[in-house]
Amino acid sequence: MKRVFSGVQPTGNIHIGNYLGALKQFVELQDENNCIYCIVDLHSITLPQDPKVLRKNILDVAALYLAVGLDPKKSIIFVQSMVPGHTELSWILTCNSYTGELSRMTQFKQKSRDSESAPTGLFTYPILMAADILLYDTDVVPVGNDQKQHIEITRDLAERINNKYGKTFVVPDGRFLKEGARIMSLDDPTSKMSKSAENIHSRISLLDDANKIKKSIMRATTDSEGTIRFDMENKPGISNLLNIYSAFSGMKVPDIEKKYEGLGYGDFKKDLVEVTVDAILPIQQRYNEIRESEELITILKDGAEKANAISEKTISRVKHKFGLGL
Ligand code: AQP
């Protein structure tokens, strides 16, 4: 059995990019592996958060974890800030990292491009992420492919420390899905779908109602050619919609192209609305059942206890290797 670890930031409603790129994999992996899934609230404060909204978002993401099918009997589910090992290991890794390698991170460059002086937390974000992963001796990290660079730096840090101090960490691998690895924004298919984008129609959130989903899909950017054909370079809009259709329906893209041969974008989009709503509705029903329940809090407390027990072992091993403490 492999150890699997991943997390999602509680920075707003989870969208279908997060679901198809990450959460869907979380569920698939939990039957055959030791899975640990975290709500990474410490990551979310790299940018300003309203405390009340943050607390609500943490519980929303936790409820969505369960609603998409994560089972606390199979997976450990917890909130990152409830396990102190994450920040402790993060400091130790910080002291083994270089500003040069962190400056190369695309996500940092994108999120800090409009400000002269960026928040330090945004700069050191990949180290905290590396700590999350290495803390649990993780073998596999299921993520969307926007996280490829962060997985690479995690591997570099683990290897660097293993070389210097002797075998300390497991060197993890990223796991990326083909169809959902990068769901693009509906209004600008050259950038990824994001929770924090201003236009709500650029994304479909897992908690959107059918009417909103219809509006967002029907107004999604396409092209003037009018044929339903996958070509990411020249037809990014329709290719993104084909990806979403494929990921939700399980149909292969060439089969979808065949099904819609001779038909227009309007017909295809109408069916995509149906496919999307059918996939999301059962998730919303389960979410409504669990969101206000006491059980949700119990699951998170229990998860934090289990995660802490594993984390403490790693921290004590790392401290010993580094000569820290007594
Ligand atoms: N568009 C996407 N397509 C596929 N996978 C995606 N992920 C994010 N966007 C897409 C994957 O979702 C997981 C959780 O992401 P996150 O919440 O930790 O942070 P993020 O990547 O910064 O996500 P957002 O939605 O873009 O949030 P904001 O707007 O707050 O920055 C990760 O596995 C990620 O790869």
Cβ-based exposure ranking for Asp231, Asp50, Asp223, in which fewest neighbours within 10 Å come first: Asp50, Asp231, Asp223
What ranking, highest mean first, results for peptides 254-261, 305-312, 77-84 when packing means the other Cβ atoms within 10 Å averaged over each residue? 77-84, 305-312, 254-261
Mind scanning Lys111/Lys270; Lys167/Lys301; Lys214/Lys258; Lys24/Lys214; Lys2/Lys73; Lys24/Lys73 and naming the pairs with a C-alpha gap bigger than 25 Å? Lys111/Lys270; Lys167/Lys301
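Which three semi-axes in whole Å describe the equivalent ellipsoid of the chain, each the square root of 5 times a Cα gyration tensor eigenvalue, listed largest first? Don't jump to the answer; show the numbers that get you there.
Values: eigenvalues 256, 98, 67 Å².
The answer is 36, 22, 18 Å, longest axis first.
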Cα principal axis extents for region 200-287, largest first, Å: 38, 25, 21
What are the residues whose amide H is under 5 Å from the amide H of Thr227, where those residues sit 5 or more places off or on another chain and H is modelled from the backbone? none
Points 7 angstrom from Cα along the Cβ direction at Thr87 and Ser112: gap in nanometres? 2.1
Considering all projection directions equally, how large on average is the shadow of the alpha-carbon convex hull of region 66-210, in square nanometres? 11.1
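For each of Cys38, Cys95, count neighbouring Cβ atoms within 10 Å of the residue's Cβ, then give the residues from fewest to most. If you can, show how the numbers build up before the last one.
Numbers: Cys38 29, Cys95 8.
Exposure proxy ranking, most exposed first: Cys95, Cys38.
Taken together, the values in this text are just the output of simple stated rules run on the coordinates, not laboratory data. Because the structure is a prediction, the values reported are computed rather than measured. Positions of Cβ are backbone-derived with ideal geometry, glycine not excepted, and every protein chain shown enters the neighbour counts.
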